[in-house]
Amino acid sequence: MCGIAGVLNIRGNVNVKKLESMTSIIRHRGPDDEGFYFYGDKSEEFAYGKDSREEIKNSGMKSVSDIYNNYYFLGFGHRRLSIIDVSAKGHQPMEFRDIVITYNGEIYNYLELKNELENAGYEFETDGDAEVLIKSYLHWGEDCVNHFNGMWAFAIWDKNKQKLFCSRDRFGVKPFYYYLEDGEFRFCSEIKQLIEYGVEPKINEKVLFAFLFFAIHDYSEETFFKGIYALRGGESISIELPSDRMSFSFNKYKYWEMNFECDGNRGSFIDESKKVGDLLDSSIRLRLRSDVEVGSCLSGGLDSSSIVTLVCNQLAEQNYDLSNFKTFTSCYDDSEEVDERYFSDIIVDSSKCSNIKVKPDIDKIKYDMEALVWHQDEPFGSLSIFASWCVMESAKDNGIKVLLDGQGGDETLLGYERFFAFVLKEKLKGFNILEAIRDYKKFCNNSTLNNKMLFAYFLYFNNLSIRKLRLKYRFSKYIAPDLISGFFNKNIVDDILVHNTLEELQENELLMNISHLLRYEDRNSMAHSIEARVPFMDYRFVQKAVSLPTNYKIRDGWTKAVLRKYMEDKMPVEVTYRKDKLGFPVPQEKWLNKLNDYFAEKLLVDTRSAKYFNMEKIRQIFKNKTDTEMRFRFIMVELWMRVYNFKE
């Protein structure tokens, strides 16, 4: 796990000093080592930085400060968080046979690939996965990414072909941002790096409107920053330079598509439950590969509890002392409605692991909020992200460098209660009235929804016009009229809000909606120099899950039915068949009301975001302590604009 940076400039010179700053600003992503690579018409240079390991500094390389004035048209920067092969041999950028790479992530099946490549005649000098990645590229070319099981964002410079090849993992677990303008291509792990190199921060008003009005973000390649784009999951970029280097071809393409068709050769519900569970178990086994200590988040929900249970079962097979396996739970002494200790303690007792209880504190928000906004790069939707921030901080304090987490379980196995609305719709469309009535009753019995709430869900999530009207009634009075008139009728997120089938909805969840959760996960963990791994996002598990029929995933009123079935004999029933789900929440309304005056005094004076809001209405909700959702969105946008020094 690391942080990367790079610049390709065919019409000028890479600013070496700025690239160094671009790399240094993400020191949190890789405090263990630092490195640089530069390539020009007449020379190339590997260089070390201030934080490079002593072995690297003494290897004969130049310091990056010694080459500030040299001419290069390509530059790479790298920050390393040492996880696998923690020796200096894993230093990056790394070179082999005129191939240079800067790489962030983990290729979990690197041992299997290494064996395959050794059988093909390749030899290896390191025990890490970066060398496996380089030689996979040499062996398979750009198609190498289809051989990987992992999370990654990397750039490869192929000197012989004069080609820059960049790629991001299938679901976008690891970040890759870029800026393209007039013969220059800049890329990085975090948006703040591009600003550090010189991109002026400008607001993408379309994305801002989607956030303020629909509470939707991270849904496309566009970011909150105008002109800065995210390479989406499952995409690669290939840039080839002609011999005269007067221009370059920019080719962005999808290298992987998920197959959402149901598996025609599926077995019984019990058989398929075992297959799904075994794939999750295999995913976890791969994600336990590490040369540093691994821990896990534990919310007490089905997903994280399943991970911890399966991890402890695997470790017990190796005669590992389970009391040394650390888990982390967010909890509250004064807010029982969001405290999950009862369920997490059940899992701790049954699995015999250790558990550190983290208690996010309202006063800590005052001190950490701006840092949290800075690390996240873009606005986020609720304060629940703060609980995760505190968990990551505690994990670092307890010596953990790798942390497992349960992101992806709801998206792959239909875990959200809003999925019920689409199941009922499909039953009614097929005139299966009696089945729909039976399912309706079961959904109410085995979830947190009552009859009235489920009916409201059915109407709301299946009718775009009702959904838009409700949102307009709720939020339009707080948003500046110019912003609403500019985007409300442009249908910018209609494809996210309405779906004809349940399969369309799940595709949207996995390829768009989950992006913001993965961004939260990456920034929170890396802010504390921790590598977060998400077993539910193993592409084999996801592909199997989406190929199952709906009645295997939602069955007898239970969401994620195949996982519950698999865990029946492995995990206490109170958690296996728990109806509600929280997942590191916070008492947001209570906290915002207590912090109301603090934020009002801080943000309602010299407001930078005033052009996007009806400030009279915003002041009113602060005065009356009403509309928690819009208060938070205002706080979020205003703090973000201040932290990133927007001029508007």
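The values are calculated or read from the model by the stated rules, or taken from the named source; none is laboratory data. Since the structure is predicted, the reported quantities are computational estimates derived from the model, not experimental observations. As a convention, Cβ positions derive from the backbone with ideal geometry for all residues, glycine included, and neighbour counts pool all protein chains shown. Quick note on the areas: whole protein, heavy atoms, side chains included, nothing else; ligands and nucleic acids left out. Shrake-Rupley method; radii C 1.70, N 1.55, O 1.52, S 1.80 Å.
Across region 424-439, what is the number of residues that are open to solvent by less than 50 Å² (accessible area, probe 1.4 Å) and part of a helix (DSSP H, G or I)?
5
Any residue at all in region 122-132 that's assigned to a helix (DSSP H, G or I), without any contact (Cβ under 8 Å) to a residue 40 or more places away in the chain and over 23 Å from Arg533 (Cα atoms)?
no
Given the criterion aromatic (Phe, Trp, Tyr), touching a residue at least 40 places away in the same chain (Cβ under 8 Å) and out of contact with any Gly (no Cβ under 9 Å at 6 or more places or on another chain), identify the matching residue among Phe76, Phe96, Phe36, Phe46.
Phe96
Please go through region 289-323 and give me each residue that is in a helix (DSSP H, G or I), aliphatic (A, V, I, L, M) and open to solvent by 10 Å² or more (accessible area, probe 1.4 Å), ordered by number.
Leu302, Leu315, Ala316, Leu322
Looking only at region 614-642, count how many residues are within 16 Å of Phe211 (Cβ to Cβ) and open to solvent by less than 20 Å² (accessible area, probe 1.4 Å).
Total satisfying the criteria: 13.
Does Glu601 satisfy the condition of being open to solvent by 30 Å² or more (accessible area, probe 1.4 Å), in contact (Cβ under 8 Å) with a residue 40 or more places away in the chain, of a type in the set (Asp, Glu) and assigned to a helix (DSSP H, G or I)?
Judged against the criteria, Glu601 is not a match.
Assess whether Phe171 counts as being under 29 Å from Gly30 (Cα atoms), buried (at least 20 other Cβ atoms within 10 Å of the Cβ) and touching a Ser or Thr at 6+ places or on another chain (Cβ under 9 Å).
When the stated conditions are applied, Phe171 passes them.
Can you tell me which of (1) at pLDDT 95 or above; (2) open to solvent by less than 10 Å² (accessible area, probe 1.4 Å) is the one Phe475 doesn't meet?
Here Phe475 meets the rest and fails (1).
Confirm whether Glu257 is modelled with pLDDT under 95 and within 27 Å of the chain's Cα centre (by Cα).
Working: modelled with pLDDT under 95: yes; within 27 Å of the chain's Cα centre (by Cα): yes.
Criteria met by Glu257.
Just the residues that are more than 22 Å from Thr559 (Cβ to Cβ) and out of contact with any strand residue (DSSP E or B) (no Cβ under 7 Å at 6 or more places or on another chain), please, taken from region 262-292.
Here is the first cut: in region 262-292, the residues more than 22 Å from Thr559 (Cβ to Cβ) are 264-265, 282, 285-292.
Answer for region 262-292, where residues must be more than 22 Å from Thr559 (Cβ to Cβ) and out of contact with any strand residue (DSSP E or B) (no Cβ under 7 Å at 6 or more places or on another chain): Gly264, Asn265, Ser282, Arg285, Leu286, Arg289, Asp291.
Of all residues in region 372-397, count the ones that are assigned to a helix (DSSP H, G or I) and open to solvent by less than 40 Å² (accessible area, probe 1.4 Å).
Count: 14.
For the structure I just gave you, tell me whether Ser350 is assigned to a helix (DSSP H, G or I) and of a type in the set (Gly, Ala, Ser).
Yes: the conditions hold for Ser350.
Within region 110-140, count every residue that is open to solvent by 10 Å² or more (accessible area, probe 1.4 Å) and either farther than 16 Å from Glu95 by Cα or touching a His at 6+ places or on another chain (Cβ under 8 Å) (or both).
The qualifying residues number 12.
Could you please find all residues in region 359-371 being surrounded by fewer than 20 Cβ atoms within 10 Å (Cβ to Cβ) and not in a helix (DSSP H, G or I)?
Lys359, Asp361
Within region 324-349, track down each residue that is more than 17 Å from Pro587 (Cβ to Cβ) and open to solvent by less than 60 Å² (accessible area, probe 1.4 Å).
Just the residues of region 324-349 that are more than 17 Å from Pro587 (Cβ to Cβ), to begin with: 324-328, 343-349.
Those that are more than 17 Å from Pro587 (Cβ to Cβ) and open to solvent by less than 60 Å² (accessible area, probe 1.4 Å): Phe325, Lys326, Thr327, Phe328, Phe343, Ser344, Asp345, Ile346, Ile347, Val348.
Looking at Lys647, Lys570, Lys611, Lys579 in this structure, which one is assigned to a helix (DSSP H, G or I) and surrounded by fewer than 19 Cβ atoms within 10 Å (Cβ to Cβ)?
The unique qualifying residue is Lys611.
If you check Leu322, Leu302, which single one turns out to be more than 24 Å from Tyr539 (Cα to Cα) and either touching a Ser or Thr at 6+ places or on another chain (Cβ under 6 Å) or in contact (Cβ under 8 Å) with a residue 24 or more places away in the chain (or both)?
None of the other options fit; the residue is Leu322.
Name the pairs whose Cβ atoms lie under 8 Å apart, with the first residue in region 358-376 and modelled with pLDDT under 95, the second open to solvent by 80 Å² or more (accessible area, probe 1.4 Å) and assigned to a helix (DSSP H, G or I), and 6 or more positions between them or separate chains?
Once the first residue is modelled with pLDDT under 95 and sits in region 358-376, its partners that are open to solvent by 80 Å² or more (accessible area, probe 1.4 Å) and assigned to a helix (DSSP H, G or I) give Ile362/Lys594.
Show me the helices (runs of 4 or more DSSP H) entirely contained within region 502-555 in which 2 or more residues are of a type in the set (Phe, Trp, Tyr).
539-547
May I ask you to verify whether Ala387 is out of contact with any Cys (no Cβ under 8 Å at 6 or more places or on another chain) and under 30 Å from Tyr440 (Cβ atoms)? Full working, then the answer.
Working: out of contact with any Cys (no Cβ under 8 Å at 6 or more places or on another chain): yes; under 30 Å from Tyr440 (Cβ atoms): no.
No: the conditions fail for Ala387.
Looking for whichever is closer than 17 Å to Arg168 by Cβ and touching a helix residue (DSSP H, G or I) at 6+ places or on another chain (Cβ under 9 Å) here; the options are Glu106, Glu95. Which one fits?
Glu106
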